[in-house]
Amino acid sequence: MSGTTSGGGRAAGKVASAGGVDLLGVFMCLLAAIAWGTTGTAATFAPDVPAVAIGAAAMGFGGLLQASRALSGIRTNRGALWRHKALLASGALAVAIYPLAFYASMRLAGVTIGTVISLGSAPLLSALIENRLEGARLTLRWATGAAIGVTGIVLLSLGEGAEAGVASGDNVVLGTVLGLVAGGTYALYSWTTRRMMQAGLSSRVAMGATFGLGGLMLMPVLVATGAPFLMSAGNLAVGSYMALVPMFLGYIAFGQALSRISASLATTITLFEPVVAALLAVVIVGERLAVSGWAGVALIVACLIWTTAPLPRRRGRGRLS
């Protein structure tokens, strides 16, 4: 595997590639990234709704839908969930904090800086979590791929900002800190749900319990900020779409991915999200992308190929390089 390697559990999945990377896991992760990449374009159709309210509604209702889908399994496995209550509570808190930190980061530091810090830091922090808490080895291949991907995100964000005239926000320092919080919480809930899967819980139960509890934590935020959703059918449609597609279906796909590949590899693959967001902004919203932005797209695609393509076997050794 290109990232770090974690131990056992029946949820680890079967390797579907001779190169050691589970291709179904990679495919499901890409589906999640594509779904998440639509959120920015969707939000442009509800300009009166605060970004924090959109995040709370999407992750909040999406999480509750995850829980309802897994309700029977959660009841059946409540003893196992209680045994892993520290993982569950940590993951749920991370789920609740992530959208608030992410959108606040973009508001305070600007879209470019907020996006780069939040998404770019996640693979690095995810690998650090696996390394420090599991003793998983960081490979040169993963580090190279992550560096290529993060560089691509920087170029892509700068390319979008150059054409759209996006400036930095009013408080870059605080926005940067919140971006790191967003990246860290994304990495944390990815790791905690994967650990519960490795302990024997199904993807549906682990994701449903984590996101359901996190969704409940977000409800007070939604009550305080979400009134604009009720002002028009368009705003309500945007909120419904965000909850159903990116946060419900997207995280179902992401949960399947986490049951098959490491959290560090999954967060690296989801760097494809800003590529989808940028392409949709060009095609649907009518934005333009600078040359540096297209270079960023190319680097992120190169990152995905580099981290997921099968490695050649070394002659005479019979194992992956």
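The values are calculated or read from the model by the stated rules, or taken from the named source; none is laboratory data. Bear in mind that the values here come from a model prediction, so they are computed numbers and not experimental data. Note that each Cβ is placed from the backbone with ideal geometry, even for glycine, and that neighbours are counted across all protein chains shown.
See the values below:
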{"item": "Flag for residue 121 being closer than 20 Å to residue 275 by Cα and out of contact with any Ser or Thr (no Cβ under 9 Å at 6 or more places or on another chain)", "result": "yes"}
{"item": "Top-ranked residue of region 136-152 - restricted to ones that are surrounded by fewer than 24 Cβ atoms within 10 Å (Cβ to Cβ) and of a type in the set (A, V, I, L, M), ranked as nearest to residue 176 (Cα to Cα)", "result": "150"}
{"item": "Single residue of 251, 241 found to be of a type outside the set (A, V, I, L, M), surrounded by fewer than 19 Cβ atoms within 10 Å (Cβ to Cβ) and more than 21 Å from residue 83 (Cα to Cα)", "result": "241"}
{"item": "Qualifying positions in region 124-145 - under 20 Å from residue 301 (Cβ atoms) and touching a Ser or Thr at 6+ places or on another chain (Cβ under 8 Å)", "result": "141, 142, 145"}
{"item": "Close pairs (9 angstrom Cβ cut-off, 6 or more residues apart or separate chains): under 10 Å from residue 304 (Cα atoms) in region 260-271, in a loop (DSSP other than H, G, I, E, B) anywhere", "result": "265/1; 265/2; 265/3; 265/4; 265/21; 268/2; 268/3; 269/261"}
{"item": "Residue identified as over 16 Å from residue 33 (Cα atoms), of a type in the set (Gly, Ala, Ser) and touching a residue at least 12 places away in the same chain (Cβ under 8 Å) among 250, 286, 208", "result": "208"}
{"item": "Residue match in region 176-194 (condition: under 22 Å from the mean Cα position of the chain (by Cα) and assigned to a loop (DSSP other than H, G, I, E, B))", "result": "no"}
{"item": "Filter result (under 23 Å from the mean Cα position of the chain (by Cα) and of a type in the set (Phe, Trp, Tyr)) within region 200-236", "result": "211"}
{"item": "Qualifying positions in region 31-59 - free of Cβ contacts under 8 Å to residues at least 60 places away in the same chain and among the aliphatic types (A, V, I, L, M)", "result": "51"}
{"item": "Residue 71 vs. criteria at pLDDT 95 or above, farther than 28 Å from residue 179 by Cβ and buried (at least 17 other Cβ atoms within 10 Å of the Cβ)", "result": "no"}
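Residue-wise test of (1) among the aromatic types (Phe, Trp, Tyr); (2) assigned to a loop (DSSP other than H, G, I, E, B); (3) over 17 Å from the mean Cα position of the chain (by Cα).
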site	(1), (2), (3)
60	no, no, no
64	no, no, yes
68	no, no, yes
81	no, no, yes
88	no, no, yes
92	no, no, no
95	no, no, no
98	yes, no, no
102	yes, no, no
